[in-house]
Amino acid sequence: MKIRTTSRIQLIDITASLNNEVADAGIGTGMAMAYSPHTTTAVVINENEPGLKEDILKLLNLIVPQGRYMHDRIDNNARSHLQAVVLGNNVCMPVENGKLALGTWQSVLFVELDGPRHRKLLVRIVGTG
Ligand code: ZN
C-alpha cells in the first residue's frame, strides 16, 4: 500500500484500505500483518476519535520532548526516530469472515512522525478461504 502523508506528525486511519486488501486476497480466516519499512513511522491499533488522536500526539511529545539528541547531528530528526521506537512499526491482526477481526472501537492507524512524505506499508495476509 502507498500512503501519502500531509503533515509532519499525523495519524491516518488505514482500516478500510486493509479490509480491501483482505477482500482482494480472498482470505476468510487467517492473519493480516501491516508492516512499515520506515524508521520514522509507526503502526498502532486504537480508536479513531479526533480528541484521542490529539492526545496521542501530545503523549508522543511528552515521551520524547524537544531536546538535543545524538542523531540530530546526522539528519536532525532524532525525535521522529525515538517516537517511532516507542510505538513500533507493525501490527498483526486476526482475520475472520473475510474481515479484520477488530474490536468495536479499534482502528488501524498509520503514524507519520517525519512527514510529509510518500510512504509504503507492507501488508501480508495468510489464511484459508
Ligand atoms: Zn534520521
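When each of Pro116, Pro94 is tested for being out of contact with any helix residue (DSSP H, G or I) (no Cβ under 9 Å at 6 or more places or on another chain), touching a residue at least 24 places away in the same chain (Cβ under 8 Å) and part of a loop (DSSP other than H, G, I, E, B), the lone residue that passes is Pro116.
Based on what the data block shows, is Thr39 in contact with a helix residue (DSSP H, G or I) (Cβ under 9 Å, 6 or more places away or on another chain), of a type outside the set (A, V, I, L, M) and surrounded by fewer than 17 Cβ atoms within 10 Å (Cβ to Cβ)? When the stated conditions are applied, Thr39 passes them.
Take Ala32 and tell me if it is away from the ligand (no atom under 16 Å from the Cβ), at pLDDT 95 or above, surrounded by 15 or more Cβ atoms within 10 Å (Cβ to Cβ) and not basic (Lys, Arg). Judged against the criteria, Ala32 is a match.
Listed by first and then second residue, the pairs with beta-carbon distance under 7 Å, at least 6 apart or on different chains, first residue in segment 57-82 and within 23 Å of Val43 (Cβ to Cβ), second modelled with pLDDT under 95 and of a type in the set (S, T, N, Q), form an empty list. Among the criteria (1) crowded, with 16+ Cβ neighbours inside 10 Å; (2) within 22 Å of Arg117 (Cα to Cα); (3) away from the ligand (no atom under 16 Å from the Cβ), the one Asp13 does not fulfil is (1).
The values are calculated or read from the model by the stated rules, or taken from the named source; none is laboratory data. None of the values given here were measured: they were computed from a predicted structure. Heads up, the Cβs are rebuilt from the backbone with ideal geometry, glycines too, and the neighbour counts pull from every protein chain shown.
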